[in-house]
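Everything on this sheet refers to the single structure shown next.
The values are calculated or read from the model by the stated rules, or taken from the named source; none is laboratory data. Fair warning: this is a prediction, and the values are worked out from it, not measured in the lab. Quick reminder, even Gly has a Cβ in these numbers, built from the backbone with ideal geometry, and neighbours come from all protein chains shown.
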Amino acid sequence: MAGNFSRWMWRGALGVVMAFGGAVQAASEIVVYSARNEQLIKPIFDLYTKQTGTKITYVTDAEGPLIARLEAEGARTPADLMITVDAGNLWLAAEKGLFRPIKSNVLESTVPAQYQDPQNRWFGLSVRARTIVYSKERVKPEQLSTYEDLADKKWDGRLCLRTSKKVYNQSLVATMIERHGEAKTEQIVKGWVDNLATDVFANDTALIEAIVAGQCDVGIVNTYYFGRLEYEKGKLPAKLFWPNQATTGVHVNVSGAGVTAHAKHPKEAQAFLEWLSRGEAQRAFAGINMEYPVNVKTEWDPIVQAWGKFKADDLNVEAAGRRQIEAVKLMDRAGYL
Amino acid sequence: MASGAVLHPVWPQSQTGVIRRVGLLRVCAVVLALMVMAPLLVIALNWGEIQTDVWRHLAQTQLLRLFRNTAVLVLGVGAGVTVLGVSLAWLTATCRFPGRKFFDVALMLPLAIPAYVMAFVMVGLLDWAGPVQGQLREWFGRGASFSFRGTGAVIMVLTLVLYPYVYMLARSAFLAQGREPLEAARVLGHSPWRGFWLVTLPMARPAIVAGLALALMETLADFGTVSVFNYDTFTTAIYKAWYGFFNVQAAAQLASLLLLIVLAGLYLERKGRGDARYFQTRRRAASRRTALHGGKALLASLWCGLIFAVAFVVPLGQLVIWVIQGAWKDLDARYLALVWHTLSLGAAAAVLTVAAAFLLAYFKRRYQDRLSDLLVRTATLGYALPGSVLAVGIMISFNHLDDWAAALQTQLGLTVQPIFVGGVAALLLAYLTRFLAAAFGPVETSLERIKPSIPEAAAILGARQWETVRRIYLPMLGPGLLTALLLVFVDVMKEMPATLLMRPFGWDTLAVRIYEMTNEGMWQRAALPGLTLVLVGLLPVAILVRRSDH
């Protein structure tokens, strides 16, 4: 009798704590951890809720802390799906056992093999191209050819780069290591550093603005930053160039997602992931940020179409994660800050 | 005439005569300190396996440069905030000149501007591609251009956002001092200038140092500002280990080294101060301000005006311009919720943290033993840790609590759910851990100024402990407590990493919005939440400054 009573007391106390504490979830709901920004995902979540009635609860943060949180929460995590940018992060989350393998005929047909985990733990949802941007006033496109060529003496004092701390550059160098080996890649990166016109930039937008202002002539950026800046400021005296067309192709990366190992609603999460990979959702997911859809059947955003078609690197993007540590060390040695 | 406040070093006295109740106070303080220290321990306990690979790589490629950069930054910002903070506080607290009343409040306002916002505004405005240099090039050609991302620029930006810590604490110390000590020095034949160096400054030293410590700990912890300038500090190495090498252990090892350095710095300062203590005997002596005339008055107004313009008017103006240029389009109904979350979290955390700081400071004063000192020192170290490192430490330690809760839930036949991680309570505790130092500094320095004989007299007259706290300490601490409340409130509103990681679903704040925008390089769209944050922060700053005057 007394034991029963104290048990009830405990339940009551715990109930009160829970009301103040963690979220209590309903059944037809998916919980998403997202390192992709709110303004890029919320419209798509809203669309899904409208179409299917499934409620989506989400929290956004940088990928590092989110992965640490998933890891710490373990089996208790409320998260069903994790969306993140860059294959390196997806690779890391998979390495840590945070995702579960998914067997899905839909995803196999919508997401090309190079944009998904060989073990099916994560899938790319949009493709991001990291390419060369140049000043129309001071550079002729014929002078440009490859990323590697930017190490050439003719670009001395004319190159602008973003910091090596950004994972986009780490991924680029990682894939170069995969192609060329360490020694040659290090030589190329050293060449870049020697050619720098000024200190490396904190973000791509500042880099493009520096080219526009005349501080430097060429640089390496993700295409959507260029698109965004042109959208805001009108036509710029700068242009995108597709390098390595005769060789390896343009460096691409993905933003993507995986169903968590301890998802409480794995079926619903998988259904949502499949929905994201096709149709209207796929067009919106990429188009909202001027990225490329991962699904080859999906039409490109008009602004993106105007930049023209290009040959993309066909390496599986997980190489970016696998070789990231080597890439960071290499860039440190080369003096790329 | 100068009988009110007396300056005399007093050596620690025995606590005889004061109520000897060990019980509740000690237990509360120890529990609180341990709770706040748990995340630090989580981080410091990562030395099981030394990550030689990462350490060797860092040592070979950059560690020396990072130490040098960090030292330069700390020295530069330290000198900057001390000169700015003390000079401005001394002018507004003890002198009279045109605009004094306005500057008194206004000079505190830069506190409402988050360092990362100041950084991207200044870089946007002043770097090569910005409008200022564009104009310079038009007038003087390419040679007039320079990179505004060097060491000097970082030091300038951090100084401008951090000097209010020194200003606020020094100001309340100068106000509490009143004129009598300086007048006593004059009577003894010293010039006002010598009097300032001999009396005013040493008496305010604990407060100035407390403000300086806050500013420097924040400098060491800063990642947002230095990454806008791509200026590599020791903190950069922590993030390199974590994000670049996926090595959380190495990151934790580097972070605990940072803590050790801070601990050593604080220890050295205490050694330097020695056992001398400075007390005030009255709450505050009536203070008349020295009137400045002619050129001196003009210089005072100009100096205050210059700092106010650079540290507040310029960044605010740029934010307003960006909002008008298009960022206003993001304004929607959700903004009300953002503002509400920001304000309520800030207010709740401020009250909680200041209460905790008072408890700890009072505890330390009552017992004055090595244990309480060490406990309190360690508990306030969280401020020097990079935000997201500390946030992960907090999250992991709360997660241990959830482990126990889960065991309890299973036993009771309930569904297992996280109770701590992802709740409002956890977020508030995270703020407490992070900002205890910000509250502790002002509370402790004003507590130190209360002469022990006053509470002793109260005890002799039969006052109980709580009565002494309520009728003696709290009224005498007034300005210090308000300063602490304000600091924590504004700090919490600006806080980013812990909010991001620990907030309950849907509890977005203005700082979270700023993160969402700046993370993708959309600086101009970050202007709207940035401006809102500054405006929301202004009101409490203004109110509290006015209140602390009376």
(request) Determine whether A:K184 is under 28 Å from B:S147 (Cβ atoms) and out of contact with any Lys or Arg (no Cβ under 9 Å at 6 or more places or on another chain). (result) no
(message) Name the residue that is farthest from B:T532 (Cα to Cα), counting only residues in segment B:297-340 that are surrounded by 13 or more Cβ atoms within 10 Å (Cβ to Cβ) and not hydrophobic (A, V, I, L, M, F, W, C).
(response) B:S301
(request) Return a yes/no flag: does segment B:341-349 have any residue that is touching a residue at least 40 places away in the same chain (Cβ under 8 Å) and surrounded by fewer than 16 Cβ atoms within 10 Å (Cβ to Cβ). (result) no
(request) Quickly run through segment A:224-249 and pick out the residues that are outside any helix (DSSP H, G or I) and under 19 Å from B:G326 (Cα atoms). (result) A:G234, A:K235, A:L236
(request) Output the number of the condition that A:Y58 fails; it satisfies all remaining conditions of (1) part of a helix (DSSP H, G or I); (2) free of Cβ contacts under 8 Å to residues at least 40 places away in the same chain; (3) among the hydroxyl-bearing types (S, T, Y). (result) (1)
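Considering A:E326, A:E274, which residue is in a helix (DSSP H, G or I) and more than 23 Å from A:V200 (Cβ to Cβ)? Walk me through it before giving the result.
Working: A:E326 fails: more than 23 Å from A:V200 (Cβ to Cβ).
None of the others qualify; the one that does is A:E274.
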(message) Return the residues of segment A:109-168 that are farther than 28 Å from A:I288 by Cβ and not assigned by TED's automatic domain parsing to the domain that holds A:Q324; say none if nothing qualifies.
(response) A:P118, A:Q119
(message) When you check A:L240 against the structure, is it touching a residue at least 24 places away in the same chain (Cβ under 8 Å) and buried (at least 23 other Cβ atoms within 10 Å of the Cβ), yes or no?
(response) no
(message) Could you tell me how many of the residues in segment B:102-141 are without any contact (Cβ under 8 Å) to a residue 12 or more places away in the chain and in contact with a helix residue (DSSP H, G or I) (Cβ under 6 Å, 6 or more places away or on another chain)?
(response) 4
(request) Being under 22 Å from B:A526 (Cβ atoms) and in a helix (DSSP H, G or I) is the filter here, so list the residues in segment A:157-186 that pass it. (result) A:V167, A:Y168
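Got a sec? Which of A:E291, A:E326 is at negative phi, in contact (Cβ under 8 Å) with a residue 60 or more places away in the chain, within 14 Å of chain B (Cβ to nearest Cβ) and surrounded by fewer than 19 Cβ atoms within 10 Å (Cβ to Cβ)?
Numbers: A:E291 fails: surrounded by fewer than 19 Cβ atoms within 10 Å (Cβ to Cβ).
Checking each option against the conditions leaves just A:E326.
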(message) Given the criterion aliphatic (A, V, I, L, M), within 14 Å of chain B (Cβ to nearest Cβ) and in a helix (DSSP H, G or I), identify the matching residue among A:V221, A:V189.
(response) A:V189
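Given the options B:A356, B:A384, name the one that is in the same structural domain as B:V421 (by TED's automatic domain parsing) and at pLDDT 85 or above. Outline the logic, then answer.
Details: B:A384 fails: at pLDDT 85 or above.
Matching residue, one of B:A356, B:A384: B:A356.
Could you pull out the residue among A:A286, A:A269, A:A257, A:A263 that is surrounded by 21 or more Cβ atoms within 10 Å (Cβ to Cβ) and part of a strand (DSSP E or B)? Show your work before the answer.
Numbers: A:A286 fails: part of a strand (DSSP E or B); A:A269 fails: part of a strand (DSSP E or B); A:A263 fails: part of a strand (DSSP E or B).
Only one candidate qualifies: A:A257.
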(message) Can you confirm whether B:R289 is basic (K, R), within 28 Å of B:P540 (Cβ to Cβ) and either out of contact with any Pro (no Cβ under 7 Å at 6 or more places or on another chain) or surrounded by fewer than 19 Cβ atoms within 10 Å (Cβ to Cβ) (or both)?
(response) yes
(message) I'm trying to understand the selection: among the residues of segment B:355-389, which are within 14 Å of chain A (Cβ to nearest Cβ) and hydroxyl-bearing (S, T, Y)?
(response) B:S388
(request) Mind listing whichever residues of segment A:54-99 are within 24 Å of B:T415 (Cβ to Cβ), small (G, A, S) and modelled with pLDDT of 95 or more? (result) A:A79, A:G97
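Does segment A:65-101 hold any residues that are within 18 Å of A:V294 (Cα to Cα) and either surrounded by fewer than 24 Cβ atoms within 10 Å (Cβ to Cβ) or not acidic (D, E) (or both), and which are they?
Answer for segment A:65-101, where residues must be within 18 Å of A:V294 (Cα to Cα) and either surrounded by fewer than 24 Cβ atoms within 10 Å (Cβ to Cβ) or not acidic (D, E) (or both): A:M82, A:I83, A:T84, A:V85, A:A87, A:G88, A:N89, A:L90, A:W91.
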(request) Tally the residues that are under 21 Å from the mean Cα position of the chain (by Cα) and more than 12 Å from every other protein chain (Cβ to nearest Cβ), restricting the search to segment B:512-530. (result) 1
(request) Determine whether segment A:276-296 contains at least one residue that is over 19 Å from A:K42 (Cβ atoms) and either hydrophobic (A, V, I, L, M, F, W, C) or in the same structural domain as A:K166 (by TED's automatic domain parsing) (or both). (result) yes
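Just to check your reading of the model, which residue among A:N222, A:N244 is more than 16 Å from the chain's Cα centre (by Cα), outside the structural domain of A:A79 (by TED's automatic domain parsing) and modelled with pLDDT of 95 or more?
Working: A:N222 fails: more than 16 Å from the chain's Cα centre (by Cα).
None of the other options fit; the residue is A:N244.
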(request) Give me a count of the residues in segment A:135-156 that are closer than 24 Å to A:W307 by Cα, assigned to a loop (DSSP other than H, G, I, E, B) and of a type outside the set (K, R). (result) 6
(request) Could you check how many residues of segment A:195-217 are facing chain B (nearest Cβ under 7 Å), closer than 21 Å to B:Q135 by Cα and of a type in the set (D, E, K, R)? (result) 1
(request) From the list B:F174, B:F245, B:F234, pick out the single residue that is within 14 Å of chain A (Cβ to nearest Cβ), crowded, with 19+ Cβ neighbours inside 10 Å and at pLDDT 80 or above. (result) B:F245
(request) Go through B:L531, B:L474, B:L535, B:L481 for me and flag whichever is in the same structural domain as B:P386 (by TED's automatic domain parsing) and at pLDDT 85 or above. (result) B:L481
(message) Between A:T185, A:T205, which is in the same structural domain as A:Y134 (by TED's automatic domain parsing), modelled with pLDDT under 95 and crowded, with 19+ Cβ neighbours inside 10 Å?
(response) A:T205
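Which is buried (at least 17 other Cβ atoms within 10 Å of the Cβ) and either out of contact with any Pro (no Cβ under 9 Å at 6 or more places or on another chain) or over 30 Å from A:L81 (Cα atoms) (or both), of A:R138, A:R158, A:R121, A:R179?
Details: A:R138 fails: buried (at least 17 other Cβ atoms within 10 Å of the Cβ); A:R121 fails: either out of contact with any Pro (no Cβ under 9 Å at 6 or more places or on another chain) or over 30 Å from A:L81 (Cα atoms) (or both); A:R179 fails: buried (at least 17 other Cβ atoms within 10 Å of the Cβ).
Exactly one residue qualifies, and that residue is A:R158.
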(message) Go through segment A:112-156 and report how many residues are closer than 21 Å to A:V212 by Cα, of a type outside the set (A, V, I, L, M) and in contact with a strand residue (DSSP E or B) (Cβ under 8 Å, 6 or more places away or on another chain).
(response) 8
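Are any residues in segment A:49-73 of a type in the set (G, A, S) and more than 8 Å from chain B (Cβ to nearest Cβ), and if so, which ones?
Let us first name the residues in segment A:49-73 that are of a type in the set (G, A, S), namely A:53, A:62, A:64, A:68, A:72.
Of everything in segment A:49-73, just one residue is of a type in the set (G, A, S) and more than 8 Å from chain B (Cβ to nearest Cβ), namely A:G53.
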